[in-house]
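*Asks:* Shown below is the structure under consideration.
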């Protein structure tokens, strides 16, 4: 596995791969790799000839009161995992090379990013779209992989790819879960024992929602009410949002119909967790 922090070097290496007509797969990450990341990497490995992974903890997507400084970092462990999973190139840039002192250009998606997590984390998605745009310009991937856990983010990235005419095809891979069904996340490490145990309520609420949709409940408000009951029983839980929307574009719905997104954001103590399910409802 080649490792580089240099933007000119990675462009030179990938230019050679392009000339050799290799399909370049790309998985952007912030490190602290877990099985969720590795599932994306394994999928990308199967579908491309040359696999690039980036590790960059992007300061632009953290708010003033968020966890940038304490975000988990373990580059030695990450490198070992990437080698084991057959990654060809690790791009591990320094922040001052990505954002030079005179940096003043940002990329903003103005529709999907207003909703859900966009309300709770102002500026977050502008940070995401800016770094993804920069990484796509540097790597120029044919395929790029994102997880369903961050579904809103994946939709936003699909939108900027379409609107800004990037060549990359965006692939969204299923959520990878712990044995107790908690969605894998680097932030799970912040939970204490009580919070970790109570966080199971997220999936229990999503499971109840899925059951109600299967039983042909058509009223989103009734489903959300039952989901809230499950989560609010947990003393450390504080609901940020529970939403049921169109899966295609996260628009609001009055009636359960077609392919829907059911998304949850909950604080357990100081740790904010997100999760979702996508359901094709029966008419």
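The values are calculated or read from the model by the stated rules, or taken from the named source; none is laboratory data. Here the structure is a predicted model, which means the values were calculated and not measured. Virtual Cβ from ideal backbone geometry, glycine too; neighbours counted across all protein chains shown.
*Asks:* Taking residue 210 as the residue in question, decide whether it is touching a residue at least 24 places away in the same chain (Cβ under 8 Å) and out of contact with any helix residue (DSSP H, G or I) (no Cβ under 8 Å at 6 or more places or on another chain).
*Replies:* Answer is yes for this residue.
*Asks:* While we're here: Could you please give the count of residues in the stretch 93-133 that are within 17 Å of the chain's Cα centre (by Cα) and touching a residue at least 24 places away in the same chain (Cβ under 8 Å)?
*Replies:* Counting residues in the stretch 93-133 that are within 17 Å of the chain's Cα centre (by Cα) and touching a residue at least 24 places away in the same chain (Cβ under 8 Å) gives 22.
*Asks:* Going residue by residue through the stretch 20-43, is there one that turns out to be on the phi > 0 side of the Ramachandran plot and surrounded by 18 or more Cβ atoms within 10 Å (Cβ to Cβ)? I'd like the intermediate steps shown before the answer.
*Replies:* Just the residues of the stretch 20-43 that are on the phi > 0 side of the Ramachandran plot, to begin with: 21, 31-32.
From the residues that got through so far, the ones that are surrounded by 18 or more Cβ atoms within 10 Å (Cβ to Cβ) too are 31-32.
Checking the stretch 20-43: at least one residue is on the phi > 0 side of the Ramachandran plot and surrounded by 18 or more Cβ atoms within 10 Å (Cβ to Cβ).
*Asks:* List every residue pair whose Cβ atoms sit under 6 Å apart, with the two residues 6 or more apart in sequence or on different chains, where the first one lies in the stretch 218-235 and is in the same structural domain as residue 262 (by TED's automatic domain parsing) and closer than 13 Å to residue 256 by Cβ and the second, anywhere, is exposed (fewer than 14 other Cβ atoms within 10 Å of the Cβ) and at pLDDT 95 or above.
*Replies:* Short answer, once both residue conditions are applied: 218/255.
*Asks:* Now, a different point. So which residues in the stretch 1-36 are assigned to a helix (DSSP H, G or I) and in contact (Cβ under 8 Å) with a residue 12 or more places away in the chain, if there are any at all?
*Replies:* 7, 10, 11, 13, 14, 17, 18, 35, 36
*Asks:* Within the stretch 165-173, can one find any residue that is touching a strand residue (DSSP E or B) at 6+ places or on another chain (Cβ under 9 Å) and under 28 Å from residue 196 (Cβ atoms)?
*Replies:* yes
*Asks:* Also, quick follow-up: Looking only at helices (runs of 4 or more DSSP H) that fall completely inside the stretch 42-133, which ones have 3 or more residues that are in contact with a helix residue (DSSP H, G or I) (Cβ under 8 Å, 6 or more places away or on another chain)?
*Replies:* Output list reads 95-98.
*Asks:* Here's a follow-up. Of all strands (runs of 3 or more DSSP E) completely enclosed by the stretch 221-283, which ones contain at least 3 residues that are at positive phi and either surrounded by fewer than 16 Cβ atoms within 10 Å (Cβ to Cβ) or under 24 Å from the mean Cα position of the chain (by Cα) (or both)? Quick ask: steps written out before the conclusion?
*Replies:* On the way: elements: 237-246, 259-268, 271-280.
Result: empty, no element qualifies.
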